[in-house]
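A.B. asks: The structure follows.
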Amino acid sequence: MLSVLASASAAFGSVLVAVFLARGWRAGKKGLWPFRAPFLGGGISETHAWSRFHARYYPMTLVFVAFEMEMMFMYPWAVVFVEEGMTAFADMGVFLGLLSLGILYAWREGAFRWQ
Amino acid sequence: MTAQAEVWAAPLLTAGVLAAGAYVVAVLDAAVAAAVSGAGIGRSVLAGPLRRAALLVVQQPSATERPDAASWALAPALYAGLAAAGLAVIPWSASFSVADVEAGIVLWGTVESLAIVAIFLHGWSANTHQSLLAAYRFLAAGLSYLLLSMFVLIAAAIPAESLQLSRIVESQHGLWNVVRQPLGLPLFAVVALGSSTWGPLNLADGDDLSGGTTADVSGRPRLVWSGARAAMLTSFSAMAATVFLGGWQGPVLPGPAWVVLKTLVVLAALVASGHLFARVRTERFVTVCWLVLLPLAFLDLVIAGVEAL
Amino acid sequence: MAVAAVRRLAATAPVPVFVARGGGTGLLPVELAFDARLRLVVSPRHATVLVAAGRFPGPLGVAVDRVHDQLPAPRGTLWWTADVDGDRPAALRDASVVTDADPVGSVVALHRDLCLGRIRSDAAVLADDPPNRFEGRGDHGQGGEGMMGGVPWGRPMAMTGDDRDGLALDRLPVVLGPFLPGFPNGLRVHAVLQGDVVQEAKLEVLDLGSGPRLDRLDPAAGGAQHDLRWLAEALRLAGLGALAVRAARLARAAPAPASRAALARLVRRSGLPAAWSGVGVIDGEDARARLVRRLDPSAPEGRSPGPSLERVAEVLVGQDWSDAVVTICSFDLPTDRAEAVIEAQA
Amino acid sequence: MIDVSSPSVFVHVSFWVFAAAAVLSGWRVFRTDSMVRATFLLLVSFLNVGAILLLLGGAYLGVALLFMMTVEMTVMAIFMVAFMMNPAGLNPMVMVHQPRLAAAAGWVLFGGGIVVAVWGRFPDRPLEPGRPVIVELGTELMGRSMLIFESAAVALVATMIGSVVLSSRRSRYGEAAGDDGSLPPPLDPVLGTYPTGVVPETSTDGGDGHGGDGHGGMH
């Protein structure tokens, strides 16, 4: 319990320190317009940078989410691996086989390329 | 140590180690840069980081036309806090660690994924073009390398029969994981470089995008961000030392000294790689990550499984 | 007290310098990376001193003014030129002028004086106006109606356009350069970006003026010297700052073949050629081939005239912006070079 | 790790702090006008719920929730920004559809929750501290629940394949659409400089110019 509390406070403490340092941002938020223009090497932009951004790798992110959900089963699996022996090993084979299948399919469909 | 003292000592220890770590990273970086550039390492490498920090303290913080001010200020803070939270789960000796939680490596995974959020937010919130491009290309890489980390840490958990880091260190008695699971450490190094956006995986803050997420950041916020990156690299090195290099175990010296020594070795290697290897291209890295590194991580898991049976 | 101590410490820091390269300098300013008292930075936000190198007539001067106003305080400007009678944009009106080959001493002194408060930080030169008027009109002062209307905070929002994968997301019209890392002097890209990919591109070289030049290359070693400067720029772009310094050092004097070969070996081992392979292919030659050709000390590097700007623009379309920058850098477009190199090429 | 049977004052205080933070950030999700902020505020809400799970002694479940939700919200942010009008809240907007219906439904659900909380009967079987919950979870997955576990794996692979089928360019248009990575995109005659407030009619396969669902109402 104490250790959890300590780690939480460690994280929180450093956040506070950092916030203090970053306070400069409040002061810097107001500046002259030329100062606040986005740096484009002396160029200009007609619009705001914020936009409906076309992240072309979005099929990859969907594969990632499914993959990651499966991975969450593997943590408890690893803990009992030695105890369960061959059962766990066979299980892992099935698991990795299925995952590889998904990746191979995604690769064939070009989910990891976007240019 | 009494319980009350522990509550106050732990955060101080964590913060102190990270501050020292960030300084060491800056010194190592300057030394390696001087060696690679052929200039020769001078005394200035020791004072250099402090001077540069001082300059950032007196510099005016930048502003943009319409930033997401709260996220912009909080992203570096979150990033620094994550480095601290990550360091907190590292055991320093058989009897002491700040937070030796039961699901240690899962908590570590949370730190990695929140670090992705912090870096993305840092690039997003400025509302400027180059930082936005950097944030998005980082995200593609981040969502790719994260899986590697899960696999190699799970492989390390198999012989330990636990997700707890102290148990993982104990399981390396006699034989370190770096030998037992040789693929683990190099793959984890990729994750370390990615999560600290360092060297060949510096996609978020790359010079080709005028500094990427920091392209429009100056002054103290930039100081916090640079410090947090170095602190993150330190935490990752400590984690690598713990999971793959036997942590506190070693002859003669006390446990914490071994942790520090091994951390420094990993740090030096990671920092050096930053000056010796060119930045990867995002798209190619994503492809390599899924089609080469991920199968290697599978193999790492199989090796760990066969070894444990 | 403490503040004064921090300022004194800051005054001794290696000076972060942003260099704006104009006409009549070629790639000479890249060599400043060699000096340990300076640090060449890629964004004006990271700099205390703006070194404007060369001539800045017309639109190039406007670009310098823009960058000048983006430096955070304390900031100062130095005009490094061989042609003090040339056009002097607003940002350089009060700048100290350096005409000799080595501006480092002046830069360091300027930085120290700025940090210690001995001289005032440069004032802005552009008018304090938003890019568009917006306040006071519309429901929320954004200057228009609706969720996408108006010019909130002085700029309109991006609007959608089709893309090859069937999605119609926002397109951003931007003008990039000429002072971006990897860009040759005076080059400006008019691009439309959707996500990170270039949908349209037009390349333009701004007027670089004429007159005396800063960079006089040794005609005998001219080609090699220029190639090393180019290499320093390219290495920095690839995140290999330390190797870039090494290349800059070699560029300062006629280098021994052995030290050039050592640099080439390090570059090959860095994986940079692999990273650049397949990028910016024109006439069957990619960025990797162009890099490797310049690494070889014995080959007559970079002598072929570069492709036309239109052809480069064609290659940029469809690439992501990072690759587009690599493509632009890899060509070493002859926008402004020392006569020695141009003669060697002719 | 945490003695659940007799919680200390720290646990009580932490619970209320986390609970309040979860509710507050959940509320802010619907009050902000930036998609990125909304997504990450939702994440903050989930993180606080994860912390409460940790307080309840769910050593694995709590941390797993933190981990999962973080990456999932990150991916959600990509899609929210890509498809929502005004993704960064540059112009003000409201985040709710059909506010009356939503408010009514919300109150009904809240009332239901109150009823369950006050009159419901909760099991009172606290775990003894130090029980190896993660090992038990693993044994369960390897034993009785093996079938469930494996069918989940199959379902997730189906998800992977399904998402690729739906989203990848080649799957949607087949070989005929060409898979040249650098195929020039269709050009628009004007450099994107539409008069402000005008919706360009560029609709092809991808939905209308402002991202299909036209999220949020005009303010």
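A.B. asks: Filter segment B:66-101 down to residues that are at pLDDT 85 or above, touching a Pro at 6+ places or on another chain (Cβ under 9 Å) and either in a loop (DSSP other than H, G, I, E, B) or under 26 Å from A:Met72 (Cα atoms) (or both), then give me how many there are.
C.D. replies: 5
A.B. asks: Taking only segment D:62-78 into account, find how many residues are more than 7 Å from chain B (Cβ to nearest Cβ), open to solvent by less than 10 Å² (accessible area, probe 1.4 Å) and touching a residue at least 24 places away in the same chain (Cβ under 8 Å).
C.D. replies: 1
A.B. asks: Do we have A:Met92 as under 18 Å from B:Ala156 (Cα atoms), crowded, with 16+ Cβ neighbours inside 10 Å and modelled with pLDDT of 85 or more here?
C.D. replies: So A:Met92 does not fit the description; no.
A.B. asks: Okay, moving on. Here are some residues: B:Thr128, B:Thr213. Which one is touching a His at 6+ places or on another chain (Cβ under 6 Å), within 14 Å of chain A (Cβ to nearest Cβ), open to solvent by less than 10 Å² (accessible area, probe 1.4 Å) and more than 26 Å from A:Val80 (Cα to Cα)?
C.D. replies: Going through B:Thr128, B:Thr213 in turn, just one is touching a His at 6+ places or on another chain (Cβ under 6 Å), within 14 Å of chain A (Cβ to nearest Cβ), open to solvent by less than 10 Å² (accessible area, probe 1.4 Å) and more than 26 Å from A:Val80 (Cα to Cα): B:Thr213.
A.B. asks: OK, next. Test each condition in (1) touching a residue at least 12 places away in the same chain (Cβ under 8 Å); (2) part of a loop (DSSP other than H, G, I, E, B) for C:His190 and report the one that comes out false.
C.D. replies: (2)
A.B. asks: Another question, then. Could you check how many residues of segment D:127-171 are touching an Asp or Glu at 6+ places or on another chain (Cβ under 7 Å), at pLDDT below 80 and more than 25 Å from D:Leu53 (Cα to Cα)?
C.D. replies: Summing the residues that are touching an Asp or Glu at 6+ places or on another chain (Cβ under 7 Å), at pLDDT below 80 and more than 25 Å from D:Leu53 (Cα to Cα) in segment D:127-171 gives 4.
A.B. asks: Picking from C:Arg39, C:Arg7, which residue would you name as being out of contact with any Leu (no Cβ under 8 Å at 6 or more places or on another chain) and touching a residue at least 24 places away in the same chain (Cβ under 8 Å)?
C.D. replies: Result of the check over C:Arg39, C:Arg7: C:Arg39.
A.B. asks: Then there is this: Kindly indicate whether C:Arg188 is under 18 Å from C:Ala324 (Cα atoms) and either open to solvent by 10 Å² or more (accessible area, probe 1.4 Å) or under 22 Å from the mean Cα position of the chain (by Cα) (or both).
C.D. replies: yes
A.B. asks: Could you check segment C:94-132 and list, in sequence order, the residues that are under 20 Å from B:Gly219 (Cβ atoms) and surrounded by 16 or more Cβ atoms within 10 Å (Cβ to Cβ)?
C.D. replies: Hits for segment C:94-132 are C:Leu110, C:His111, C:Arg112, C:Leu114, C:Cys115, C:Asp122, C:Ala124.
A.B. asks: Taking only segment B:273-288 into account, find how many residues are of a type in the set (A, V, I, L, M, F, W, C), within 8 Å of another protein chain (Cβ to nearest Cβ) and in contact with a helix residue (DSSP H, G or I) (Cβ under 6 Å, 6 or more places away or on another chain).
C.D. replies: Here the count works out to 4.
A.B. asks: How about segment B:139-243: which helices (runs of 4 or more DSSP H) wholly inside it have at least 2 residues that are within 29 Å of A:Ala55 (Cα to Cα) and touching a helix residue (DSSP H, G or I) at 6+ places or on another chain (Cβ under 7 Å)?
C.D. replies: B:184-195
A.B. asks: Among the residues in segment D:79-88, are any in contact with a helix residue (DSSP H, G or I) (Cβ under 7 Å, 6 or more places away or on another chain), more than 9 Å from chain A (Cβ to nearest Cβ) and free of Cβ contacts under 8 Å to residues at least 60 places away in the same chain?
C.D. replies: yes
A.B. asks: Which condition does C:Asp227 not pass, out of (1) at pLDDT below 90; (2) open to solvent by less than 10 Å² (accessible area, probe 1.4 Å); (3) facing another protein chain (nearest Cβ under 10 Å); (4) not in a loop (DSSP other than H, G, I, E, B), if it passes all the others?
C.D. replies: Here C:Asp227 clears every test but (3).
A.B. asks: While we're here: From D:Arg37, D:Arg28, which residue is open to solvent by 60 Å² or more (accessible area, probe 1.4 Å), within 28 Å of B:Leu132 (Cβ to Cβ) and touching a Ser or Thr at 6+ places or on another chain (Cβ under 8 Å)?
C.D. replies: None of the others qualify; the one that does is D:Arg37.
A.B. asks: Being within 30 Å of C:Arg88 (Cα to Cα), outside the structural domain of C:Gly61 (by TED's automatic domain parsing) and out of contact with any Phe, Trp or Tyr (no Cβ under 6 Å at 6 or more places or on another chain): is that true of C:Leu231 here?
C.D. replies: Against the criterion (within 30 Å of C:Arg88 (Cα to Cα), outside the structural domain of C:Gly61 (by TED's automatic domain parsing) and out of contact with any Phe, Trp or Tyr (no Cβ under 6 Å at 6 or more places or on another chain)), C:Leu231 does not qualify.
A.B. asks: Only one residue in A:Phe112, A:Phe53, A:Phe67 is touching a Cys at 6+ places or on another chain (Cβ under 9 Å) and over 30 Å from C:Ala127 (Cα atoms), so which one is that?
C.D. replies: Answer to the check: A:Phe112.
Condition check ((1) buried (at least 24 other Cβ atoms within 10 Å of the Cβ); (2) over 30 Å from B:Ser166 (Cβ atoms)) across all residues:
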| site | (1), (2) |
| --- | --- |
| B:Pro182 | no, no |
| B:Ser196 | yes, no |
| B:Arg220 | yes, yes |
| B:Met232 | yes, no |
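A.B. asks: Restricting to segment C:156-176, name every residue that is buried (at least 23 other Cβ atoms within 10 Å of the Cβ), in contact with a strand residue (DSSP E or B) (Cβ under 7 Å, 6 or more places away or on another chain) and in contact (Cβ under 8 Å) with a residue 24 or more places away in the chain.
C.D. replies: C:Gly161, C:Leu169, C:Asp170, C:Arg171
A.B. asks: Can you find a residue in segment D:45-61 that is modelled with pLDDT of 90 or more, open to solvent by less than 30 Å² (accessible area, probe 1.4 Å), away from chain A (no Cβ under 14 Å) and closer than 30 Å to B:Leu133 by Cβ?
C.D. replies: Looking through segment D:45-61, at least one residue is modelled with pLDDT of 90 or more, open to solvent by less than 30 Å² (accessible area, probe 1.4 Å), away from chain A (no Cβ under 14 Å) and closer than 30 Å to B:Leu133 by Cβ.
A.B. asks: Out of C:Leu250, C:Leu235, C:Leu266, which single residue is within 13 Å of chain B (Cβ to nearest Cβ), in contact (Cβ under 8 Å) with a residue 24 or more places away in the chain and assigned to a helix (DSSP H, G or I)?
C.D. replies: Unique residue meeting the criteria: C:Leu235.
The values are calculated or read from the model by the stated rules, or taken from the named source; none is laboratory data. Quantities reported herein were computed from a predicted structural model and do not represent experimental measurements. Cβ: placed from backbone, ideal geometry, glycine included. Neighbour counts: every protein chain shown. Just the protein is used for accessible areas: all its heavy atoms, side chains included, with ligands, DNA and RNA removed. Shrake-Rupley method; radii C 1.70, N 1.55, O 1.52, S 1.80 Å.
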